[in-house]
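Trainee: First the structure, then my questions, so here it is.
The values are calculated or read from the model by the stated rules, or taken from the named source; none is laboratory data. What you are looking at is a predicted structure, and each value in this text was computed from that prediction instead of being measured. Using ideal geometry, Cβ is built from the backbone for each residue, glycine included, and neighbour counts are taken over all protein chains shown. Quick note on the areas: whole protein, heavy atoms, side chains included, nothing else; ligands and nucleic acids left out. Shrake-Rupley method; radii C 1.70, N 1.55, O 1.52, S 1.80 Å.
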Amino acid sequence: MDFGISLELGGWILVIVAALVFGAIAQLVGETRTGFEWLVDAIAFGIGAIVASEFVTAWRTIEPVWSGLAIVPALIGGLVLGLVVELATRYLTGGSYHGRPMAA
């Protein structure tokens, strides 16, 4: 069994840019308690995108593929892992999505 990442430079750049955009949007939605929540969310999105694009072999044939990146699986994997980590970090740090204090 051979484990390898076949992304080219364009694929890496696309994943990094998409992860940073996801992190920035997640930071702007609702009320955050930390200034670095976006970074954790962006890393999670990037890991999810790479794993889904490169290691989920059943999805390797899904088009379109650009610079070695299977775009649809990468987007799905990034969003799933990114949203799970976003929800966890938001609520574990005491933030909310309401932008106003919540009643106890």
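Trainee: Among what's in segment 75-86 and is of a type outside the set (D, E, K, R) and touching a residue at least 60 places away in the same chain (Cβ under 8 Å), pick the residue that is farthest from LEU39 (Cα to Cα).
Mentor: Here the answer is GLY78.
Trainee: Among the residues of segment 11-25, what is the count of those that are over 12 Å from LEU75 (Cβ atoms) and open to solvent by 10 Å² or more (accessible area, probe 1.4 Å)?
Mentor: 7
Trainee: For segment 20-33, what are the residues that are in contact (Cβ under 8 Å) with a residue 60 or more places away in the chain and not acidic (Asp, Glu)?
Mentor: PHE22, ALA26, VAL29, GLY30, THR32, ARG33
Trainee: When only residues in segment 68-94 that are more than 17 Å from LEU7 (Cα to Cα) and assigned to a loop (DSSP other than H, G, I, E, B) count, which is modelled with the highest pLDDT?
Mentor: Looking at the filtered set, the residue picked out is THR93.
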